[in-house]
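Below is one structure, written out as structure tokens; comments come after it.
The values are calculated or read from the model by the stated rules, or taken from the named source; none is laboratory data. Here the structure is a predicted model, which is why all the values come from computation and not from measurement. Here the Cβ positions follow ideal geometry from the backbone for every residue, glycine too, while neighbour counts run over all protein chains shown. In case anyone asks, the SASA skips ligands and DNA or RNA and just uses the protein heavy atoms, side chains included. Shrake-Rupley method; radii C 1.70, N 1.55, O 1.52, S 1.80 Å.
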Amino acid sequence: ADAEVEGFRKAGYEGPVFVAPNGVDPKEFESMPDSAEAERIWPALAGKRVVLFMSRLSPEKGLDRFVPAWGDFKRKHSGLDAVLVLAGPDDRGYRAKVEEMVDQEGVRSSVFMAGMVLGRGKFALMSRADLFVLPSYSEGFSNALLENLAAGYPALITPGCYFPEAAEAGAGLCVEPHREALAGALEKLLSMPHDELRKMGGIGRRLVLGKYTWDAAARKIAAVYKAIVEDKGIPVHPEPMQLPTRGN
């Protein structure tokens with residue numbers, strides 16, 4: 001990510017640097033499970049608006065601001081049958097702290113702790129979400145964010161996710177990791193008609209599958225190798241190299 005390039009420079013490194021972001025495998029998103037599959041696995045999601053957090057339960061993920069924001073949102077919109085799903089492994093015992101925050105905010109009935117979800121269950125959960133959230137203070141380059149955008153769902157993120165392209169393209173909102181800003185963004189997104197949210201999700205899907213695949217990353221690295229062999233300057237943001245097709 002560009003933020004990591006800045007980190008190298010601040011540390012005093014003056015040599016060449018290039019950025020080849022993480023990617024996704026488009027084949028994994030060609031045939032997503034039906035959203036009803038998630039409801040069969042987790043009946044508590046049936047008939048509800050689903051806001052999905054899918055990442056490690058860890059202090060840097062911003063849940064200390066997002067859970068209170070969820071509480072504010074639910075108190076203001078008590079008639080909206082929505083659930084916050086927290087899916088991911090417990091990091092250094094932080095889940096206990098998250099559970100404590102949930103109870104302090106009085107939102108236990110609207111928060112579902114899914115734990116670590118893998119394989120087809122992960123894709124089923126993504127397909128059931130109305131909105132993906134990642135309110136992090138700091139990320140490297142989040143594959144969870146890329147995967148959920150590739151699945152076709154809008155995202156609510158923070159500047160610490162280092163992926164402003166999502167909001168710039170219209171695939172979601174990027175706000176500061178503050179309680180009021182997060183609650184306001186939740187209200188804005190969940191007040192949108194379902195079709196409008198799906199349209200935003202489609203923008204994110206096209207963005208990721210067009211530019212952020214492992215194939216694109218590999219071709220960027222190939223372009224850097226070619227520049228080295230030809231003794232040319234290494235661009236910070238290489239254009240993906242067109243690789244020869246099989247048989248050529």
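Residue under question is Ala3, and the condition is that it be under 24 Å from Pro89 (Cα atoms) and not in a loop (DSSP other than H, G, I, E, B); does it hold?
Spelling it out, it is not the case that Ala3 is under 24 Å from Pro89 (Cα atoms) and not in a loop (DSSP other than H, G, I, E, B).
Whether any residue in segment 189-201 is touching a residue at least 60 places away in the same chain (Cβ under 8 Å), part of a helix (DSSP H, G or I) and more than 20 Å from Lys74 (Cα to Cα) is what I want to check.
No, that holds for no residue.
Quick check, is Ala223 under 17 Å from Ala1 (Cα atoms), surrounded by 15 or more Cβ atoms within 10 Å (Cβ to Cβ) and among the small types (Gly, Ala, Ser)?
Against the criterion (under 17 Å from Ala1 (Cα atoms), surrounded by 15 or more Cβ atoms within 10 Å (Cβ to Cβ) and among the small types (Gly, Ala, Ser)), Ala223 does not qualify.
Quick check: is even one residue across segment 205-219 surrounded by fewer than 17 Cβ atoms within 10 Å (Cβ to Cβ), more than 23 Å from Ala82 (Cα to Cα) and under 16 Å from the mean Cα position of the chain (by Cα)?
yes
Which of the numbered conditions does Gly62 fail, given that it passes all the others? Conditions: (1) at pLDDT 90 or above; (2) more than 30 Å from Ala227 (Cα to Cα); (3) open to solvent by 60 Å² or more (accessible area, probe 1.4 Å).
(3)
Quick test of your reading of the structure: Pro240 fulfils all but one of (1) touching a helix residue (DSSP H, G or I) at 6+ places or on another chain (Cβ under 6 Å); (2) assigned to a helix (DSSP H, G or I); (3) under 24 Å from Phe29 (Cβ atoms); (4) not polar (S, T, N, Q). Name the failing condition by number.
(2)
Is it true that some residue in segment 133-141 is assigned to a loop (DSSP other than H, G, I, E, B) and of a type in the set (D, E, K, R)?
The answer is yes, given that some residue of segment 133-141 is assigned to a loop (DSSP other than H, G, I, E, B) and of a type in the set (D, E, K, R).
Within segment 73-99, can you find the residues that are open to solvent by 50 Å² or more (accessible area, probe 1.4 Å) and of a type in the set (D, E, K, R)?
Hits for segment 73-99 are Arg75, Lys76, Asp81, Asp90, Arg92, Arg95, Lys97.
Would you confirm whether any residue within segment 161-180 is open to solvent by 60 Å² or more (accessible area, probe 1.4 Å), outside any loop (DSSP other than H, G, I, E, B) and within 23 Å of Val67 (Cβ to Cβ)?
Scanning segment 161-180 turns up at least one residue that is open to solvent by 60 Å² or more (accessible area, probe 1.4 Å), outside any loop (DSSP other than H, G, I, E, B) and within 23 Å of Val67 (Cβ to Cβ).
Might you check whether a residue that is in contact with a helix residue (DSSP H, G or I) (Cβ under 6 Å, 6 or more places away or on another chain), in a helix (DSSP H, G or I) and open to solvent by 50 Å² or more (accessible area, probe 1.4 Å) occurs anywhere in segment 100-108?
Yes: one or more hits.
Taking the condition of being under 19 Å from Ser55 (Cα atoms) and charged (D, E, K, R), how many residues in segment 154-178 meet it?
Residues meeting the conditions: 1.
Collect the residues in segment 181-200 that are surrounded by 15 or more Cβ atoms within 10 Å (Cβ to Cβ) and small (Gly, Ala, Ser), keeping them in residue-number order.
Ala181, Ala183, Gly184, Ala185
Would you pick out the residues in segment 7-16 that are surrounded by 12 or more Cβ atoms within 10 Å (Cβ to Cβ) and either assigned to a helix (DSSP H, G or I) or at pLDDT below 90 (or both)?
Matches in segment 7-16: Phe8 only.
Would you confirm, using the coordinates I've provided, whether Val19 is of a type in the set (A, V, I, L, M, F, W, C), assigned to a loop (DSSP other than H, G, I, E, B) and either within 14 Å of Ser136 (Cα to Cα) or open to solvent by less than 20 Å² (accessible area, probe 1.4 Å) (or both)?
yes
Looking at Ala124 and the list (1) touching a Lys or Arg at 6+ places or on another chain (Cβ under 9 Å); (2) buried (at least 23 other Cβ atoms within 10 Å of the Cβ), which single condition is not satisfied?
Unmet condition: (2).
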